[in-house]
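The structure follows.
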Amino acid sequence: MALDALIRIFAIMSACVFGPSAAVSLSVPGRVLALEGSCLVIPCSFSPAPAAQTMQLRLIRSSTPFFMMLRKLVFSSERGDAVHPDFRERTALAGNISAGDCSVSISSVRRDDQNTYELQMRERGQRAWPAGSKVNVSVTGSPEPPQLTDPGPVKEGQRLVLNCSARFSCPSDRPRLLWKWERGDPAGSSIHGDTELQRDTGWLPVLQTSLVFTVPRHTNPRVRCELEYPNNRRSSATREILVHCEKPSSLTNPVQTRISLLCARNCCDITQQFSTFRSQRLFIFIYSQSEM
């Protein structure tokens, strides 16, 4: 009986000291890639979404469990909290807490910002911070190449759509996608969706563009999609379109008749001429280069 009474007293005292536990579940991506010198938005959402004025949010730069004193306060929704000088004036609340968006931004990203961060949220008045959600931030000096679709072999005259997309972590420093023709004629082609934004499963916004054109004859087109950031930082992806070569079964021609065959780039890339003076028919079989 005495033990039960002590347990009840301890539970009451703990509730008074630490306050009620906040039933808030934070959702963040496992990894975010940032571009050095640009900004970074760490996506964060939570549910349920209580009133904004009752919640406090902070971002901690994590460290190993053996060096807890090295943890840095990167952002706090409370003005009186001492944010580390390395992040002071560089962090801000990017989301609307009342709408369940707890995203935090970091401006002027540096190489040494690469680390593991932890977002924590609690009800106002609660003394202890519950365990938060961690996200790994990687910093790169050059943009990742965009993703360019591979249509596989196509036929002459086919209407083709190529899609190019890229994720980015700084909405205020948004890049642009550009199409470049390395081989082929851009006449008749069209570009769509240059400013189209959508969210992918990785939380970050996606910039997407499409190139539409008709596959030409005698040429394997090659195009490049460029991802261009301000200050001339760029990356690219290139795609060569393989035009399928139709193979006729056979070709017959009378004797002593001059025959001219044109092999296009996707076949043998040369022009050959044949003639015969034999007293029989000439059978010519044409194969694509890959079959020779």
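Kindly list the number of the only condition in (1) within 20 Å of the chain's Cα centre (by Cα); (2) more than 24 Å from L178 (Cβ to Cβ) that fails for R127.
Here R127 meets the rest and fails (1).
I would also like to ask the following. Of all residues in segment 80-101 being of a type in the set (A, V, I, L, M, F, W, C) and either farther than 18 Å from C170 by Cβ or within 21 Å of the chain's Cα centre (by Cα) (or both), which is surrounded by the most Cβ atoms within 10 Å (Cβ to Cβ)?
I97
Would you list the strands (runs of 3 or more DSSP E) that sit entirely within segment 126-235 and hold 2 or more residues that are more than 25 Å from S45 (Cβ to Cβ)?
Of the strands (runs of 3 or more DSSP E) lying wholly inside segment 126-235, those with at least 2 residues that are more than 25 Å from S45 (Cβ to Cβ) span 159-167, 176-183, 190-199, 205-214, 222-229.
To keep it simple, each residue is scored yes or no on (1) of a type in the set (D, E); (2) out of contact with any Lys or Arg (no Cβ under 9 Å at 6 or more places or on another chain); (3) surrounded by 14 or more Cβ atoms within 10 Å (Cβ to Cβ).
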site	(1), (2), (3)
S138	no, no, no
P143	no, no, yes
V154	no, yes, yes
R159	no, yes, no
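Of all residues in segment 67-89, which are at pLDDT 90 or above, charged (D, E, K, R) and touching a strand residue (DSSP E or B) at 6+ places or on another chain (Cβ under 8 Å)?
K72, D86
Where residues in segment 161-174 are more than 27 Å from P216 (Cα to Cα) and not acidic (D, E), which of them is surrounded by the fewest Cβ atoms within 10 Å (Cβ to Cβ)?
The selected residue is S172.
The values are calculated or read from the model by the stated rules, or taken from the named source; none is laboratory data. The shown structure was predicted, so the numbers you read here are calculated from the model rather than taken from an experiment. Every residue, glycine among them, receives a Cβ derived from its backbone with ideal geometry; neighbour counts consider all protein chains shown.
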